[in-house]
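**Student:** Got a structure for you, written out below as structure tokens; questions coming shortly.
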Amino acid sequence: MRIGIVCYPTFGGSGVLATELGKALADKGHQVHFITYQQPVRLNVFNTNIFYHEVRVPTYPLFDYPPYEVALASTMVDVISNHDLDLLHVHYAIPHASAAYMAKQIVKHKTGRNIPVITTLHGTDITLVGRDKTYEPVVTFSINESDAITAVSENLREETLKNFHITKDIEVITNFVDVSRFNKKPFDAFKKVIAPNGESILVHASNFRKVKRVDDVMKIFAEVRKELPAKLLMVGDGPERHAIEELARTLGVIDDVRFVGKQEQMEEIMAVSDIFLLPSEYESFGLSALEAMAAKVIVISSNSGGLPEINIHGKTGFMANVGDVKAMSNYAITILKDEKLLQQMKQQAYEQALLFDISNIVPRYEKLYSRFCRMEPCV
Ligand code: GMT
């Protein structure tokens, strides 16, 4: 099939998922057209089935706010028409679902064709930004106008139905991970640099927004550090970065913390780590936690949102209530002092990740797409 994928190209989970999906579909012989304002970070392969269409947003002195959504919808119309797309799959509702609605109407008006639009809801498009009164009417309308709606977890499906008046089914197709990519042997030289004396390695990866509670990450680490030798890798960047660095100084752990910035090679980092910390206020799914598990890293997380759907308490890691730093640090200390149990749980985390392997989930999207085939056989 010829599939248009619209996503945020940055390090956010929705962009990562959309890009990995597009790459997997291209490997399976589909023609995939990415439509974004920048080359997606994970779009780092050459594949003759992959096309990239950059959305240009011309500026003009009158525009305090350049009309990105208009530029995006126009680019969608152009790509649908010139590449005869079979369907559009948009990731993250705002503004992708409403831009897709606009593009759909234009294509229909011009050619009479009804281009199917699939909207995948990812998280904050529903739970945070989408609920804001300034966006909600457009979000509700454009989700309902989609030909199919998917959510990345049961929890996100429920949150969507609770907070919006949705008139259609929402199918849950969970996020996935390419386990073979993350199941790597640790790079010893790298591990030696990070933890020269064999210290335990904890890791956190996110866009350092408030919702991630990065201050809790630092507080948990400080408690762990009181009990045993350990290092913390902070992957990513974002608004909380400076405050968190300051907190690391105040807590006296800065020398054991490394801020490594945005990283594409997450598998190298995960391979040397023992515990992934994700104490978020909310996660619809927690893709980064799943990637950790695929690398045999146990997860200590909050129990919010969709996290209990992937992290099984006492088996693949531990969970505690949002903000319960004491419980999360106690779990970390206990498991790091019990090497046998740590190794057993690492293996269990890996086995849990296998359930979400790319090979199990991508066919579910293909099955969904096949509902919109224009001719048989659907290729
Ligand atoms: O919160 C982020 O890290 C970014 C955001 C996004 O949409 O880019 O992530 C959301 O989507 C991810 C992929 O489906 C999920 O794994 C994250 O849990 C979700 N974030 C939140 O719900 C806060």
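**Student:** Checking the conditions here, which among Ser153, Ser146 is more than 16 Å from the ligand (Cβ to nearest atom) and either buried (at least 23 other Cβ atoms within 10 Å of the Cβ) or of a type in the set (Gly, Ala, Ser) (or both)?
**Tutor:** Sole residue among the options that is more than 16 Å from the ligand (Cβ to nearest atom) and either buried (at least 23 other Cβ atoms within 10 Å of the Cβ) or of a type in the set (Gly, Ala, Ser) (or both): Ser146.
**Student:** Let me ask something else. Show me the strands (runs of 3 or more DSSP E) found entirely inside the range 1-56 where at least 1 residues are within 16 Å of the ligand (Cβ to nearest atom) and buried (at least 23 other Cβ atoms within 10 Å of the Cβ).
**Tutor:** 2-6, 31-36
**Student:** Give Glu283, Glu264, Glu268 a once-over and let me know the one that is more than 12 Å from the ligand (Cβ to nearest atom), acidic (Asp, Glu), within 14 Å of the chain's Cα centre (by Cα) and in the same structural domain as Val211 (by TED's automatic domain parsing).
**Tutor:** So the residue among Glu283, Glu264, Glu268 that is more than 12 Å from the ligand (Cβ to nearest atom), acidic (Asp, Glu), within 14 Å of the chain's Cα centre (by Cα) and in the same structural domain as Val211 (by TED's automatic domain parsing) is Glu264.
**Student:** What's the number of the only condition in (1) within 16 Å of the ligand (Cβ to nearest atom); (2) assigned to a strand (DSSP E or B); (3) surrounded by fewer than 20 Cβ atoms within 10 Å (Cβ to Cβ) that Val211 fails to meet?
**Tutor:** (2)
**Student:** Determine which member of the set Ser302, Ser273 is farther than 27 Å from Leu128 by Cβ and either in contact (Cβ under 8 Å) with a residue 12 or more places away in the chain or more than 15 Å from the chain's Cα centre (by Cα) (or both). It would help to see each step written out before you state the result.
**Tutor:** Numbers: Ser302 fails: farther than 27 Å from Leu128 by Cβ.
Just one listed residue meets the conditions, Ser273.
**Student:** For the range 147-169, name all the residues that are over 19 Å from Leu307 (Cα atoms) and touching a strand residue (DSSP E or B) at 6+ places or on another chain (Cβ under 8 Å).
**Tutor:** Correct list: Asp147, Ala148, Ile149, Ile166, Lys168, Asp169.
**Student:** Have a look at Glu159, Glu199 and point out the one that is of a type outside the set (A, V, I, L, M, F, W, C) and within 16 Å of the ligand (Cβ to nearest atom).
**Tutor:** Glu159
**Student:** Which ones in the range 237-268 are buried (at least 18 other Cβ atoms within 10 Å of the Cβ) and at pLDDT 95 or above?
**Tutor:** Glu240, Ile244, Leu247, Ala248, Val253, Asp256, Val257
**Student:** Another question, if that's okay. Quick one: in the range 114-128, of everything that is within 16 Å of the chain's Cα centre (by Cα) and of a type in the set (Val, Ile, Thr), which residue is farthest from the ligand (Cβ to nearest atom)?
**Tutor:** So, considering only residues that are within 16 Å of the chain's Cα centre (by Cα) and of a type in the set (Val, Ile, Thr), the one farthest from the ligand (Cβ to nearest atom) is Thr119.
The values are calculated or read from the model by the stated rules, or taken from the named source; none is laboratory data. Remember, predicted model here, so these are calculated numbers, not experimental data. Here the Cβ is made from the backbone with ideal geometry for all residues, glycine too, and neighbour counts use every protein chain on show.
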